[in-house]
Amino acid sequence: MGPVAMVRILDTTLREGEQCPGVCFPPHIKHAVAARLDALGVDIIEAGHPAVTPHIAAAVGDLAGAGLRATVGAHARSLPRDVDQALDCGVGFIGVFYCVAEERLRLHTTTLGSAIKRVQRVIRRIKERSPQTVVRYTPEDTVRSSFANVVTTALAAVAAGADVISIADTTGHLVPGTSRNMYNYVLRLRDALRQGGHNPQLAVHCHNDRGLALANALDAIRAGADIIDCSVLGLGELAGIVDLATLLAVLAADFGHDPYDLTVLPELYALVSAHAGVPVPVHQPVTGANAFRHCAGVHTQAALANPLHYQSLDPQLVGRRPNICLDHMSGLSALRHALADAGHEIDEPALLDSILATVKSTGQAGRTVAAAELGYIVHYCRARQTVPATRECESC
Ligand code: HCA
Ligand code: CU
C-alpha cells in the first residue's frame, strides 16, 4: 500500500480548537461533535487537556467512556500530575509534549539531559499504569528546534515506550519548495530514528500561520507520515491548523483515499461553527456556502450544461449540490434555471427582461436573490406589466 492509503487522521477540534480565543464547547456539544467525528470516521479524537480545567477533564472522561469507534485521546504536559489526570479519564491515547529547542531549555533553566529524563519518566508512568495506551511524544516547535536535540529526545522517548513521535510546526514556519520543507523533515527524521534503532509512527501537526498548513500536511503524507492532525475549520491557536474537511476532500478526490463518510461534514461544520462562534467563511473550500455556487453569467451558463465545466470537486462527495446564485452578475440562463427550480413557468421575453433587471439591481445593492425573493420579484414585475393595461382600459 502507498503512503496515502496508510495515513490516519487525528482530529483535535476539542483540544487545539478550544485554544482559539473565546472557544469553549459545553459538554453536550463536545459529545455531539465527537459523535459526528466518529460517524465521519476519523481515527483519533484528541478530546482535550484534562489538567486545564475540571470541566475539560470531565468531558475527556465522558468521551473516553462513550463507546466511540475512534480512539479518544488526551493532551498532557510532561508532568506526572498531567498524565495521571489523563489516565484517570480512561483514554486510549495520550499526547505528551516538551520543547527541546536550546532557547526554551535555557528559559526553563534546564538541560537536554533533564528534559529527556522528564519525558521518559512520564512516558514510563503511562505505560506502567496502562500498557495498551498509545503514547505520542511531541518535541513542541519541532521544526525550529535543534535537529540533534529532537532526534536524541525522540529516541529516548521511544525507548521509554512512546509509540508515536509528532513533528510539530507550532508556528507554521515551513514552506514547501524551500530548504524548510516538511517532506524533507519527515524523511530526515524517519532516517535518523531508524539509524538510532527505532521506527515509531510519525505524526505531523501543521499550523497555518503562512496559510501553508494543508500544503505541508500533503508534503508529510507524500513522505510517508502516519498521522495528520486536523481540526474543524482549522480552529486552533493563532491562525489555526489544517482544515479537516479540505484535507479529507483532497484525499478522497485526488488520492482515492476515502475510508471516511464525508457527507457528515456539512452538519459537523454547522455544529462547530455555531458553538465556537466562528462563522464558516462563505468561500471556505468544501464547506463554505459558496464552495459549489456559480455566479458569473458565463460560468453559470456553462455550469448549467455541466457543473464540472467550472468546478473540479464534485459536491456530492460531501453530500452537497451545485447551485446557482442570482445577483448583478446573472444572465438569462441562470434566471431561467432559478425560475424553473422555484416552479415559475415564464416564457414572455419582456417579463423575463424586467425580472432580470430587478434581480441585477438587487444584486447591485450587494445582495443575492434567494428563491423567496425571486417569487416577490416575479409577482412585482407581472403586476407592473398588467397594471398599466388595466388602467388604460378603465379610463376609456
Ligand atoms: C500546544 C502546542 C501544540 C502541541 C502539539 C502536540 C503545538 O498548544 O500545546 O502536543 O502534539 O502546536 O506544538 O499544539
Ligand atoms: Cu498546535
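The values are calculated or read from the model by the stated rules, or taken from the named source; none is laboratory data. In this text the structure is predicted, and so the values were computed from the model without any measurement. Neighbour counts run over all protein chains shown; Cβ positions are idealised from the backbone, glycine included.
Return the pairs, sorted by first residue and then second, in which the second residue is in a helix (DSSP H, G or I) and among the β-branched types (V, I, T), the first residue lies in segment 210-230 and is in the same structural domain as D243 (by TED's automatic domain parsing), the beta carbons are less than 7 Å apart, and the residues are 6+ apart or on different chains. Note: pairs meeting the criteria are L214/T246; A220/V186; I221/V4; A223/V186; G224/V186; A225/V186; I228/I221. All of L335, L326, L351 fail the test of being in a helix (DSSP H, G or I), under 23 Å from A302 (Cβ atoms), in the same structural domain as H299 (by TED's automatic domain parsing) and in contact (Cβ under 8 Å) with a residue 12 or more places away in the chain, apart from L335. Going residue by residue through segment 246-269, is there one that turns out to be in the same structural domain as G17 (by TED's automatic domain parsing), in contact with a strand residue (DSSP E or B) (Cβ under 9 Å, 6 or more places away or on another chain) and within 16 Å of ligand 2 (Cβ to nearest atom)? Yes: one or more hits.
So in segment 1-29, with the set limited to residues that are within 16 Å of ligand 2 (Cβ to nearest atom) and of a type in the set (A, V, I, L, M), which one is surrounded by the fewest Cβ atoms within 10 Å (Cβ to Cβ)? Per the stated criteria, the residue is V23.
Applying the criterion of being within 16 Å of ligand 1 (Cβ to nearest atom) and of a type outside the set (A, V, I, L, M, F, W, C) to the residues of segment 213-236, the residue that is nearest to D38 (Cα to Cα) is S231. Of the listed requirements (1) assigned to a helix (DSSP H, G or I); (2) away from ligand 1 (no atom under 13 Å from the Cβ); (3) crowded, with 16+ Cβ neighbours inside 10 Å, D82 misses just one: (2). Report yes if D209 is among the charged types (D, E, K, R) and within 13 Å of ligand 1 (Cβ to nearest atom), otherwise no. Yes. Filtered by the rule that a residue be without any contact (Cβ under 8 Å) to a residue 24 or more places away in the chain, of a type in the set (S, T, Y) and touching a Cys at 6+ places or on another chain (Cβ under 9 Å), segment 354-388 gives a lone residue, T358. Could you pull out the residue among A157, A192 that is surrounded by 23 or more Cβ atoms within 10 Å (Cβ to Cβ) and either more than 16 Å from ligand 1 (Cβ to nearest atom) or under 25 Å from A86 (Cβ atoms) (or both)? One residue alone meets the criteria, A157.
In segment 173-185 there is at least one residue that is part of a loop (DSSP other than H, G, I, E, B), within 15 Å of ligand 1 (Cβ to nearest atom), under 30 Å from L214 (Cβ atoms) and not hydrophobic (A, V, I, L, M, F, W, C). Contact map, segment 128-151: first residue touching a residue at least 24 places away in the same chain (Cβ under 8 Å) and within 16 Å of ligand 2 (Cβ to nearest atom), second residue in a helix (DSSP H, G or I) and among the hydrophobic types (A, V, I, L, M, F, W, C), Cβ cut-off under 7 Å, separation 6 or more or different chains; pairs are Y137/V119; Y137/I123; Y137/A154; Y137/A157; P139/V150; P139/A154; T142/V150. Taking first residues from segment 10-22 that are among the aliphatic types (A, V, I, L, M) and partners that are assigned to a loop (DSSP other than H, G, I, E, B) and away from ligand 2 (no atom under 11 Å from the Cβ), the Cβ contacts under 6 Å between residues at least 6 apart in sequence or on separate chains come to L14/A47; L14/G48. Among residues of segment 157-169 that are at positive phi, those with a beta-carbon under 7 Å from a residue that is more than 10 Å from ligand 1 (Cβ to nearest atom) at least six positions away or on a different chain give the pairs G161/I123; G161/R124; G161/K127; G161/V135.
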